[in-house]
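See below for the structure under consideration.
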Amino acid sequence: MSELTTAQLLRIQIAVRNEVANKGQLVVQDRKDLPWYNILNKKAKVSGTAGGVTEILLKKNGGLKIQHFSNYERLGFSENDIALKLTFPFIYSHLGIQFSHEEIENTGHVVLPNSMRDKGWAKPMSEDAVNRLYDLVKERTEDGTNQWDEDLDLEWHLDGSQDPKALTGLDGLLPLDPTTGTIGGVSRSNPLLQHAVILGSTTGAGGTIRRDITRLRRAANLNSRGRRGKINYILAGADWIDGYTSYMEANGLRYMTDTGTGNRKFDIGMPDTGICFETIPVVQDPTFEIIDGMGYDTKGVPFTKRAYLLNMDTWMPFHPRSKNKYLSYPFDDPDRRFTRMSIDGRHTLALVKPNANAISSIA
């Protein structure tokens, strides 16, 4: 094909623009699954915030003992101390976006200055419909709400040390060392607040991972009396899942698929969605690998090598009414032409029964 002249190219550029196959719909490139955020967000409940905290009242064994006696022996009586209280503070979060009116109007919208703001504050103009490839206001707003989800997901994984005003997440509520520090303001020296941990399980032929997970599951479920539910969710890193499947391969275990007709076939692939332990689903969490790459102190055990055995009935996320993910639009500055949007939230994450959960890691 012969090359076009400069004059021909200029005439074509003025006459038409390039064809865009996905007009009005940008193709997202950098999104990942957020399993931990999604499950906590679904469980989140509205709570009062008096005192800036939520308190979890626990009941423990009061220390009474049966006394055996005979004849005229004097009987003993004692007080039983049954109460234990955990305290979890509410944490404020904010994400803000700023829009220049000139930029927005140059994309085929009209913005009326100093008017009331809501989701439709920038009006697309029908006269520019043919020129507008996508709605910049809509897409930038969606980017902000997605970033909110990703940032909270990350915070709900970490121990709070990354920011003195952050809440305590998974790594703080279930640390690798279950005997030191505090939870809910109470020392973990109390055995009732200690979860089971087995680190460095091996995954080769004759490895220890199957036995270790069984021990962890038993230890956690032994403490489930008095509250419904047992271990029902395993949140794992990619290396841990790879180690799990390596153990299956090394020990002659096979994954089988069902074609839907009742015929089973052997499959060299073993999908992450097909992995479970004693029917408990194992869910790969991409945030684990992100944490490992951000310089966070993993205490010598990368998140990708960890798995958290969780009793989700013991996890209680709270937020004030309407403050889970609230969008608002402050008044415009009277002497400048830009609009701001805020996303606000206030959250706390409570773990009401630490000893009903457990941590596994592979070598």
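Please list the non-local residues whose amide H lies under 5 Å from the amide H of Ser201, H modeled 1.01 Å from N, same-chain partners needing a gap of 5 or more.
For Ser201, whose amide H was placed from the backbone, the distant partners under 5 Å are Ser361, Ile362, Ala363.
So if I restrict to the alpha-carbon atoms in region 84-159, what is the Rg, and what is Dmax, the biggest pairwise distance, in Å?
Gyration radius and largest Cα-Cα distance of region 84-159: 18.2, 66 Å.
So which trypsin sites (Lys or Arg not before Pro) in region 21-104 end up in coil per DSSP with only 11 or fewer other C-beta atoms within 10 Å?
Listed in order of number, the matching sites are Lys23, Arg31, Lys65, Arg74.
Hey, for a label at Ser328 modelled as a point 7 Å past Cα toward Cβ, could you say which residues of region 81-122 have their backbone N under 20 Å away?
90-99, 114-122
Please express the shape of region 1-116 as an equivalent ellipsoid: the semi-axes are the square roots of 5 times the eigenvalues of the C-alpha gyration tensor, given largest first in whole angstrom. If you can, show how the numbers build up before the last one.
Working: eigenvalues 1110, 97, 16 Å².
Semi-axes from the Cα gyration tensor: 75, 22, 9 Å.
Based solely on its DSSP helices, what 222 nm [θ] is calculated for the chain when runs of n ≥ 4 H residues each add -39,500 (n - 2.57) and the sum is averaged over all residues, nearest 500 deg cm²/dmol?
Using -39500 (n - 2.57) per qualifying helix, the result is -6500 deg cm²/dmol.
Once the Cα gyration tensor of region 1-65 is diagonalised, what are the square roots of 5 times its eigenvalues, in whole Å and ordered largest first, as equivalent ellipsoid semi-axes?
68, 15, 9
At most 15 other C-beta atoms within 10 Å and a DSSP loop state: those are the exposed chymotrypsin sites (Phe, Trp or Tyr not before Pro) I care about. Give me the longest piece of the chain that has none. Please report the intermediate quantities before stating the final value.
On the way: sites that count: Phe69, Tyr72, Phe77, Tyr134, Tyr255, Phe331.
In short, 135-254.
Once you have the Cα-Cα distance between Ser100 and Ile66, take 0.36 nm times their residue separation minus that, and quote the gain in nm to one decimal.
Values: separation 34, 0.36 × 34 = 12.24 nm, distance 7.51 nm.
So the chain would gain 4.7 nm between Ser100 and Ile66.
Return the whole-Å distance between the Cα centroid of region 285-350 and the Cα centroid of region 145-221.
About 17 Å separates the Cα centre of region 285-350 from the one of region 145-221.
Once phi is turned into ³J(HN,Hα) by the Karplus curve 6.51 cos²θ - 1.76 cosθ + 1.60 with θ = phi - 60°, what whole-Hz value does each residue of region 59-72 show in order, with x for glycine and proline?
Karplus-based 3J(HN,Hα) across region 59-72 equals 10, 10, 4, x, x, 6, 9, 5, 10, 8, 8, 8, 6, 9 Hz.
For Lys325, give me every one of the aspartates and glutamates with a C-alpha distance below 17 angstrom, ignoring sequence neighbours fewer than eight places off in its own chain.
Hits, sequence-local ones excluded: Asp118, Glu142, Asp143, Asp149, Glu150, Asp151, Asp153, Glu155, Asp344.
Across the Cα atoms of region 49-109, what radius of gyration and what greatest pairwise Cα-Cα distance (Dmax) are found, in Å?
Final numbers for Rg and Dmax: 30.4, 98 Å.
Given H placed 1.01 Å from N in the peptide plane, which residues other than close sequence neighbours of Ala350 have an amide H under 5 Å from its amide H?
Long-range HN contacts for Ala350: Met316, Phe318.
Output wanted: per-residue J couplings in Hz (rounded whole) for region 202-215, from phi through Karplus 6.51 cos²θ - 1.76 cosθ + 1.60, θ = phi - 60°, x for Gly and Pro.
Calculated HN-Hα couplings, in order: 9, 10, x, 4, x, x, 9, 4, 4, 5, 5, 5, 4, 4 Hz.
Run through the DSSP bridge list for the chain and note the antiparallel percent, rounded to the nearest 5.
80
Using only C-alpha positions, report the orientation-averaged shadow area of the convex hull of region 135-176, nm², one decimal. Provide the component values of the computation, followed by the final result.
Details: hull surface 12.8 nm².
Projected over every direction and averaged, the Cα hull of region 135-176 covers 3.2 nm².
So what J values fall out for region 331-342 if you push phi through Karplus, 6.51 cos²θ - 1.76 cosθ + 1.60 with θ = phi - 60°, rounded to Hz, Gly and Pro as x?
In residue order, the calculated couplings are 4, 5, 4, x, 9, 9, 10, 8, 10, 10, 10, 10 Hz.
Based only on Cα atoms, what Rg/Rh ratio does region 287-363 have, Rh being taken as Kirkwood's radius?
My calculation puts Rg/Rh at 1.19.
Over 18 Å between Cα atoms: which of Lys43/Lys85; Lys45/Lys323; Lys60/Lys353; Lys45/Lys165 fall into that group? Present the calculation step by step, with values, prior to reporting the outcome.
Numbers: Lys43/Lys85 22 Å; Lys45/Lys323 11 Å; Lys60/Lys353 11 Å; Lys45/Lys165 22 Å.
Result: Lys43/Lys85; Lys45/Lys165 exceed 18 Å.
Compute the Rg to Rh ratio over region 140-260 from the alpha carbon atoms, using the Kirkwood formula for Rh, and round to two decimal places.
1.05
Could you list the square roots of 5 times each eigenvalue of the Cα gyration tensor of the chain, that is, the equivalent ellipsoid semi-axes, sorted largest first and rounded to whole Å?
So the three semi-axes of the chain are 51, 32, 16 Å.
Could you work out the Rg to Rh ratio of region 171-240, with Rh taken as the Kirkwood radius (inverse of the mean 1/r over all Cα pairs)? Don't skip to the end; give the middle numbers.
Details: Rg = 13.8 Å, Rh = 13.9 Å.
So for region 171-240, dividing Rg by the Kirkwood Rh gives 0.99.
What Kirkwood Rh does region 105-206 have if only Cα atoms enter the pairwise 1/r average? Answer in Å.
18.6
All of the numbers you see were taken from the coordinates with simple rules; none came from a lab. This structure is a prediction, so every number in the text was calculated from the model and none was measured. Heads up, the Cβs are rebuilt from the backbone with ideal geometry, glycines too, and the neighbour counts pull from every protein chain shown.
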